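The values are calculated or read from the model by the stated rules, or taken from the named source; none is laboratory data. Please read these numbers as outputs of a predicted model, since none were measured by experiment. All Cβ positions, glycine included, derive from the backbone under ideal geometry; neighbour counts span all protein chains shown. We work out accessible area using only protein heavy atoms, side chains counted, and drop any ligands, DNA or RNA first. Shrake-Rupley method; radii C 1.70, N 1.55, O 1.52, S 1.80 Å.
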Amino acid sequence: TYNAVISGCAEAAQWRVALEMIEEMIKSSVSFDLSTVTAVVNACQRAYAWTHALGLLNLPSALNLRWDYIMYDNAIATLVSSQRWEDGLNIFYRMATVSIRRDTVSFNAALFACRQGAKWEVATQLVQQMRDQMVDVDHRTRRHLTRILQNITDNRAQDPPQSKDLGSAAGQILDTTRKDLGSV
């Protein structure tokens, strides 16, 4: 089937073949679902073909396909990886407005966006949301939080007037890593 071949393309980062296949499916009026689009986006991501991946993000809506959490997570990752971290965070927040549960992968993508945009304030809010929603924390969460903490430490040394706010954010992040992942 087309989906099997496209999934294989995604695994092999053969994004051009995957794109050609979905174009052929559209031209031939072959029906496909969101998993097909997600696989093509994934193929583009793996090959760092961000422009093509971004172009595909509008396809599900154009075809009246309802996004699922996997498509949202892929969209966030694609946007953040293509240096569009603000758009990635917007997609993350949109998930809540359309009643899509945000999981560890979703929060990790949003935390990566915070790292890219140096948004430690937003990162601390995300940490609190993870706690409130009882979202599991994994090694990627820890890595993002550790790097955000390093950025806070660097900024604290450079901008002493903000030290109190930065110290509070650092404390919240450290507290999360200790509680959820063991001591840093």
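Ranked by the mean number of other Cβ atoms within 10 Å of their residues, highest first, the peptides 105-117, 2-14 come out as 105-117, 2-14. Here the 3J(HN,Hα) profile of the range 31-44, calculated from phi with Karplus coefficients 6.51, -1.76 and 1.60 at θ = phi - 60°, is 6, 8, 10, 4, 5, 5, 4, 4, 5, 5, 4, 4, 4, 5 Hz, Gly and Pro shown as x. When a 1.4 Å probe is rolled over the protein heavy atoms, the share of accessible surface on the range 11-73 that falls to carbon and sulfur comes to 50 percent.
Packing, taken as the mean count of other beta carbons within 10 Å per residue, orders the peptides 133-145, 56-68 from highest to lowest as 133-145, 56-68. Taking every alpha-carbon pair in the range 39-87 and binning the separations at 10 Å intervals from zero gives 28, 60, 13 percent.
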